[in-house]
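Heads up, the thing below is written out as structure tokens.
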Number of protein chains: 2
Amino acid sequence: MNINDITNVIKDTGRSMEKAAMDKIDGKTKPAGSLGTLELIAVKMCMIRNSLTPNAENKALFVFAGDHGITREGVSAYPQEVTSQMVMNFMRGGAAINVLCRQGLIGLHVIDMGVNHVFGKDAGITVRKIAMGTKNFLMEAAMERPEAEESVLAGYEIVDERIRKDGLEIIGVGDMGIGNTASSSAIISAALGIGAEETTWRGTGIDDESLKKKIRVIDESIKLHGPDPADAIDILSKVGGFEIGGMAGGVLAAAANGIPVVLDGIISCAAGLLANILDPRSSGYMFAAHRSVEKGQAHALGALGLVPILDLGMRLGEGTGAALAMGIIDASCRIMTEMASFSEAGVSGKK
Amino acid sequence: MNINDITNVIKDTGRSMEKAAMDKIDGKTKPAGSLGTLELIAVKMCMIRNSLTPNAENKALFVFAGDHGITREGVSAYPQEVTSQMVMNFMRGGAAINVLCRQGLIGLHVIDMGVNHVFGKDAGITVRKIAMGTKNFLMEAAMERPEAEESVLAGYEIVDERIRKDGLEIIGVGDMGIGNTASSSAIISAALGIGAEETTWRGTGIDDESLKKKIRVIDESIKLHGPDPADAIDILSKVGGFEIGGMAGGVLAAAANGIPVVLDGIISCAAGLLANILDPRSSGYMFAAHRSVEKGQAHALGALGLVPILDLGMRLGEGTGAALAMGIIDASCRIMTEMASFSEAGVSGKK
């Protein structure tokens, strides 16, 4: 299997469904347009599912984890071992994403794409480790090109299998990886040709001096490697991360299966951008969960043509924003499928 | 029972809990502040419940319905009979609020405070009808002062009983009443001393000409009646509605029972403003669900010191925004109660 095998399967979302979906939602017992964003989501869901009765009840969230050699440059406020410690926290159910998935009745899958730690076989983690973390991309490419392809394909296969076996109707993608905001800002800068000052922020909470260094590291790395903005695998191999490749594959799996995928913060939006370079039809299947505090995310969302559903000042990652937004998307589908029309309910229309 | 009996019971929210709640949330396995608004909500919930383990799982939404004599001035896009038709739609489960309450596992209670229709005994509606709709407040007071008091007390009693009997942990208030954005804008203008142009918008969707008329009607009505901004019952009787009085009573019932109340759009925010005039401690128990398209809502929220959780371009009412926001508040409580701390999870702290 290679990436062309995936993109050959992805179809455009159903433009032909748009008018009928808008007519259906306008016939519901409410003033036209009065449910705002819920109506836009409901119409997009009809297009994605090619159906006037879309569902987003059967939900799963995929958290991809990996370590980053760039942490050696002091771009994160936390030490690298926090990646594996947090993965163990996920498996014990104590992290924010566990709490939000339990509340939202969302299945949670954790995938080790390249954490610098060997987890026990009974840890409950899906292990598709490409390497024990990326290399320091200020010095050399983060990974080899075949490794970059492998990470995307692995993410695709894992998510594709779950969508098919579990009959998932919506998925979200989340991340864990100390140093991965640096990698994501670099991907967004490389893909969109904008300087790191525009795409880089404080991650887990670095100070002014570290932020300046982080921006410089990213600008220098892009200058060193000269990634091709039209070649997602080139960008991923030079400044990316294994978990980001996995997330891009997960996004493509949703699009290939004709179901929606909810992006979370800057890391998943960088992955979404890579997926969209691999196949521009894939953005039709994406929702932006929330406006992240990480400023680079806005550039990625702009390029993908996505408007965030929530704006809660969040910057945690793990898929936490995606978990919350899935509830809103589910609600929007139910409005489309369950709500009565004026004629069904015998309610008078506008004067 | 009178309104003083209620306000004598309401306590300040637990300021003493604030520091301990902030310390607790800062110890959770996440960068400090990275859950943004969820953290602010969690801390406020600790203060409201006077507990470091608050819950908002047992939820109910109260939709108060009433008709408005001001509709005779052509201030709404829909005919008055839509109020009773929509109440019937609620009882059959076909309205937007039914869909969202089912999804959010929120109990739904519909109260007829003054609909111009007599519902059958088997309709499942709680009937506390004060009159068959208000009078046209451009010509005369919307209701008598004792009727205004009665509406607040009725709302209080209904909600208070359900909170106690059902052990509710959070409530929302919603509305149904053709013409009630006009009444709500008038209440906000009267309470805050600002002209109708600043508080009035299109309601269910009136055109430019009708909007101009609506603004003029409200300004003239306030000039005619001269409601006392410090006297909520005076404002309610002169330009209010029976369902708005009921909602204000419901808000006070939440505060008196020490549980949070989620305001929805402009109508419930006008009711919240009245409740806060009756007892300024009550705003400590309020959450603002969402930013409504109705511009007067922002003035009410500003006066109450509330920031909306969601901004989804909604303007439907019924409590639809409150239903969605309750899920976010529930999630915030679970973050506080269920998420592991750094020490519990053995995760390294900041470098």
Inset, instruction - At q = 0.06, 0.11 Å⁻¹, what is the base-10 log of I(q)/I(0) for chain A according to the Debye formula with one equal point scatterer per Cα and no solvent? Please give it to two decimals. - result: -0.20, -0.66
Legend entry - Hits among lysines - C-alpha to C-alpha of B:Lys121 under 22 Å, sequence gap 8 or more where chains match: B:Lys129
Inset, instruction - Give, as a single signed number, the net charge of other residues whose beta carbon lies under 9 Å from the beta carbon of A:Glu57, with Lys and Arg counted +1 and Asp and Glu -1. - result: 0
Inset, instruction - Quick one: with label points 7 Å out along Cα→Cβ, list the inter-copy distances for A:Leu211 in nm, shortest first? - result: 3.8
Inset, instruction - Tally the DSSP beta bridges in chain A and give the antiparallel ones as a percent, rounded to 5. - result: 5 percent
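Could you work out, residue by residue across A:27-33, how many beta carbons of other chains sit within 10 Å of that residue's beta carbon, and then give the average as an integer?
Other-chain Cβ atoms within 10 Å of each residue's Cβ, averaged: 6.
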Legend entry - Charge sum, other residues only, whose C-beta stays under 11 Å from A:Arg334's C-beta, Lys/Arg counted +1 and Asp/Glu -1: -2
Inset, instruction - Using the structure shown, select from A:Lys238/B:Lys30; A:Lys28/B:Lys59; A:Lys59/B:Lys59; A:Lys165/B:Lys350; A:Lys213/B:Lys44; B:Lys212/B:Lys238 the pairs with a Cα to Cα distance greater than 32 angstrom. - result: A:Lys165/B:Lys350; A:Lys213/B:Lys44
Legend entry - Dipole of the range A:59-328 [Lys/Arg +1, Asp/Glu -1 at C-beta], most positive-end residue of A:Val239, A:Gly167, A:Ala253: A:Gly167
Legend entry - Principal-axis tilt of helix A:242-256 within chain A, Cα atoms, nearest 10 degrees: 20 degrees
Inset, instruction - Determine the distance separating the Cα centre of the range B:264-319 from the Cα centre of the range A:223-290; give it in Å without decimals. - result: 39 Å
Inset, instruction - Would you mind giving the mean number of other chain beta-carbons within 10 Å of the Cβ of each residue in A:337-344, as a whole number? - result: 4
Inset, instruction - Under a cut-off of 15 Å between alpha-carbon atoms, report the aspartates and glutamates in cross-link reach of A:Lys24, not counting same-chain residues fewer than 8 places apart. - result: A:Glu39, A:Glu338, A:Glu344
Inset, instruction - Rank-order A:222-234, B:117-129 by packing density, defined as the average count of other C-beta atoms within 10 Å over each peptide's residues, highest first. - result: A:222-234, B:117-129
Legend entry - Charge tally in the Cβ shell below 10 Å around A:Arg281, where Lys, Arg are +1 and Asp, Glu are -1, A:Arg281 excluded: -1
Inset, instruction - Relative to the longest principal axis of the C-alpha atoms of chain B, give the angle of the C-alpha long axis of helix B:208-225, reported between 0 and 90° and rounded to the nearest 10°. - result: 80 degrees
Legend entry - Share, in percent, of DSSP beta bridges within the protein assembly as shown that are antiparallel, nearest 5: 5 percent
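Based on the Cα gyration tensor of the protein assembly as shown, what are the three equivalent ellipsoid semi-axes, each the root of five times an eigenvalue, rounded to whole Å and given largest first?
Semi-axes from the Cα gyration tensor: 49, 27, 21 Å.
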Inset, instruction - Beyond 22 Å, what share of the Cα-Cα pairs of the range B:7-85 is found? Please give it as a whole percent. - result: 53 percent
Legend entry - Calculated label separations, A:Glu57, copies of the chain, 7 Å along the beta-carbon direction, nm: 2.2
Inset, instruction - Rounded to the nearest 500, what is the 222 nm mean residue ellipticity of chain A from helices alone, with -39500 (n - 2.57) per DSSP H run of 4+ residues and division by all residues? - result: -15000 deg cm²/dmol
Legend entry - Partners for A:Lys135 among aspartates and glutamates (Cα-Cα distance below 18 Å; same-chain residues under 8 apart left out): A:Asp67, A:Glu73, A:Glu81, A:Asp112, A:Glu144, A:Glu147, A:Glu149, A:Glu150, A:Asp219, A:Glu220, A:Asp234, A:Glu243
Inset, instruction - Take peptide B:90-97, look around each residue's Cβ out to 10 angstrom, count Cβ atoms belonging to other protein chains, and average those counts. - result: 5
Inset, instruction - Return the whole-Å distance between the Cα centroid of the range B:109-162 and the Cα centroid of the range A:125-183. - result: 58 Å
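Every number here is computed from the coordinates shown, using simple stated rules; none is lab data. Keep in mind the model is a prediction, meaning the values are calculated, not measured. All Cβ positions, even for glycine, are placed from backbone atoms using ideal geometry, and neighbour counts span all protein chains on display.
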